[in-house]
Amino acid sequence: MTKPLFIAFEGIDGCGKTTQLERLAMRLAADKVDYVTCRAIGGSKLGDEVRKIFLHGPDMTALSELLLMSACVAQMIAEVVRPALAEGKWVLCDRWYLSSIAYQGYGKGLDIKTIDRIRKEVCQVFNPDLIVYIQAPIEVCKDRSFIRNKGKIDRFESMGLDFFQRVEKGFEVTASFFSPNIKRIDGTAPASIVARDIWNAISETPRV
Ligand code: TMP
């Protein structure tokens, strides 16, 4: 049996990552590859409860956000990621710590070293083999999110343009320098082309 892949999808709200995650899941299903899907904010019963507070709760510090997200991920690794990989299933996860670096680090000024320290503690050996970073201009992403949510927005979507510019910079800088397993994909192309580019990135991912 070849090693199952753990793939995370990243990018600004509205970049198309959830659509692409679903497309990949359909392709894997058609190829009879077992997989599970999950999301970094959510991902378990506990995570789903935390997600409500994270997105719709009171204002909080960036450190509190990081710790809430990390509680979701810790639980998700125990309940979903670890068992799935042990059973030879692929894991497709909506967001990972690249989001924390972009949103809490660049967006809200939290020290990147703190984020990385917590990530190492929470994830141990469970980190994605491939992080697909889907890049699209903020204006395009904002329009897509607004349409998808029918105008109803959460704590993050209500942040101003300057916040999202910092977040975008965080994704860009980190995708370029942080790790060779982050692949930047042009999210402005038609969905089928984005899916093809993601599949090519998967094909190039080492399976050892
Ligand atoms: P989602 O709807 O794509 O799951 O993301 C929910 C929001 O959470 C999104 O606006 C980005 C934000 N977020 C952070 O601020 N930090 C994080 O670490 C993660 C994973 C998400």
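Data for the structure
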| quantity | calculated |
| --- | --- |
| Residues that are of a type outside the set (G, A, S), in a helix (DSSP H, G or I) and more than 20 Å from V132 (Cα to Cα), drawn from the stretch 83-111 | P83 |
| Complete set of residues in the stretch 158-177 that are surrounded by fewer than 16 Cβ atoms within 10 Å (Cβ to Cβ) and either of a type outside the set (A, V, I, L, M, F, W, C) or free of Cβ contacts under 8 Å to residues at least 24 places away in the same chain (or both) | S158, G160, L161, D162, Q165, K169, E172, S176, F177 |
| From the options E139, E121, residue that is away from the ligand (no atom under 14 Å from the Cβ) and at pLDDT below 95 | E139 |
| Only listed residue being touching a helix residue (DSSP H, G or I) at 6+ places or on another chain (Cβ under 9 Å) and within 15 Å of the ligand (Cβ to nearest atom), chosen from R27, R39 | R39 |
| Residue that is touching a strand residue (DSSP E or B) at 6+ places or on another chain (Cβ under 9 Å), more than 14 Å from the ligand (Cβ to nearest atom) and within 27 Å of F177 (Cβ to Cβ), where the choices are L130, L98 | L130 |
| Condition met for I12 (within 12 Å of the ligand (Cβ to nearest atom), within 21 Å of Q104 (Cα to Cα) and over 15 Å from the mean Cα position of the chain (by Cα)) | no |
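The values are calculated or read from the model by the stated rules, or taken from the named source; none is laboratory data. From a predicted model like this one, the values you see are computed outputs, not experimental measurements. Cβ sites come from the backbone with ideal geometry, for glycine too, and all protein chains shown count toward neighbours.
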